[in-house]
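The structure appears right after this line, and notes come after that.
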Amino acid sequence: AQSVTQLDSHVSVSEGTPVLLRCNYSSSYSPSLFWYVQHPNKGLQLLLKYTSAATLVKGINGFEAEFKKSETSFHLTKPSAHMSDAAEYFCVVTGSNTGFQKLVFGTGTRLLVSP
Amino acid sequence: DTAVSQTPKYLVTQMGNDKSIKCEQNLGHDTMYWYKQDSKKFLKIMFSYNNKELIINETVPNRFSPKSPDKAHLNLHINSLELGDSAVYFCASSFPTSYNEQFFGPGTRLTVL
């Protein structure tokens with residue numbers, strides 16, 4: 001079975017400062033891991049994904065995440081926050097022995113960016 | 001061009017009514033999904049279809065019945081609506097294997113009064 005824990009329900013940063021959103025996962029299979037972003041009243045957009053290639057994954061809008069198997073973590077970072085980054089971020093794990101995908105979402109982290 | 005579209009965007013209805021939400025994707029994907037997002041923003045999968053066949057059916061009341069007339073469409077019909085069904089429902093699609101990105105629709109906000 002898979003599960004995801006997002007350690008912070010809210011993270012507040014100032015514009016121009018670094019962003020760190022934390023995620024730990026549990027998976028019975030080789031996991032694929034994703035970060036999705038949801039802006040207010042919008043659908044979900046993929047930021048980046050890890051699929052057993054490079055452990056440091058670069059995504060859109062300057063975000064990146066590092067897969068650390070020993071720590072079962074997949075934290076999302078960005079060197080410098082922008083006001084437009086304010087949104088809800090979801091860490092997601094998937095993996096199965098059936099070949100079919102079933103995404104398991106974390107509870108989300110709301111990123112607040114102040115001027 | 002819209003990749004995954006849902007209709008309607010908003011749905012307000014009375015308890016006990018029956019309603020449907022439609023989803024279409026033009027990405028050529030084989031697999032489609034329905035998710036429910038509750039008031040706390042928690043997202044949970046409800047159903048998944050691959051080439052019109054049901055492959056994931058989570059613990060969802062029988063009042064919810066998905067239908068896939070072809071692999072580009074996945075509709076959700078809900079009978080006897082209850083207050084607890086109020087949520088945002090997202091449709092998504094992907095190629096089937098675990099490492100493929102899922103593309104999400106804009107969501108349908110269902111409010112049951």
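The values are calculated or read from the model by the stated rules, or taken from the named source; none is laboratory data. Keep in mind the model is a prediction, meaning the values are calculated, not measured. Here the Cβ is made from the backbone with ideal geometry for all residues, glycine too, and neighbour counts use every protein chain on show. Just the protein is used for accessible areas: all its heavy atoms, side chains included, with ligands, DNA and RNA removed. Shrake-Rupley method; radii C 1.70, N 1.55, O 1.52, S 1.80 Å.
Residues of segment B:71-113 buried by at least 10 Å² of accessible area upon assembly of all protein chains, compared with the chain on its own (1.4 Å probe): B:Phe90, B:Pro96, B:Thr97, B:Ser98, B:Tyr99, B:Asn100, B:Glu101, B:Gln102, B:Phe104, B:Pro106, B:Arg109.
Solvent-accessible area of chain B (1.4 angstrom probe, protein heavy atoms only): carbon and sulfur portion equals 51 percent.
May I ask you to compute the full-extension gain from B:His77 to B:Leu54, defined as 0.36 nm times their residue separation minus their alpha-carbon distance, rounded to one decimal in nm?
Length gained, B:His77 through B:Leu54: 6.8 nm.
Estimated from the Cβ-Cβ distance and a Förster radius of 41 angstrom, the FRET efficiency linking B:Phe95 and B:Ser65 is about 0.95.
For segment A:3-114, the normalised intensity computed at q = 0.11, 0.23 Å⁻¹ comes to -0.32, -1.34 (log10 of I(q)/I(0), Debye sum over alpha carbons, equal scatterers, no solvent). Note on B:Lys44: aspartates and glutamates with a C-alpha under 16 Å away, same-chain residues under 8 apart excluded, are A:Glu88, B:Glu58, B:Asp85. When chains A and B come together, the accessible area they lose, probed at 1.4 Å and totalled over both chains, is close to 2000 Å². Summing charges over all other residues whose Cβ lies under 15 Å from the Cβ of B:Leu54, with Lys and Arg as +1 and Asp and Glu as -1, gives 0.
Neighbouring Cβ atoms from other chains, within 10 Å of the Cβ of residues in B:24-37, number 1 on average.
Solvent-accessible surface of protein heavy atoms, probed at 1.4 angstrom with all chains present, puts B:Leu113, A:Leu76 in the order B:Leu113, A:Leu76, largest first. Heavy atoms of the protein chains alone define the surface here; on that basis chain B has 49 Å² accessible area per residue at 1.4 Å probe size. Each Lys or Arg adds one and each Asp or Glu takes one away; over the other residues whose Cβ falls under 14 Å from the Cβ of A:Ser27, this sums to +2. Grab the other residues whose beta carbon is less than 14 angstrom from that of A:Thr94, score K and R as +1, D and E as -1, and report the net. Every neighbour counted, the sum reads +2.
Just the protein heavy atoms count here, and of the accessible area of chain A at 1.4 Å, carbon and sulfur take up 52 percent.
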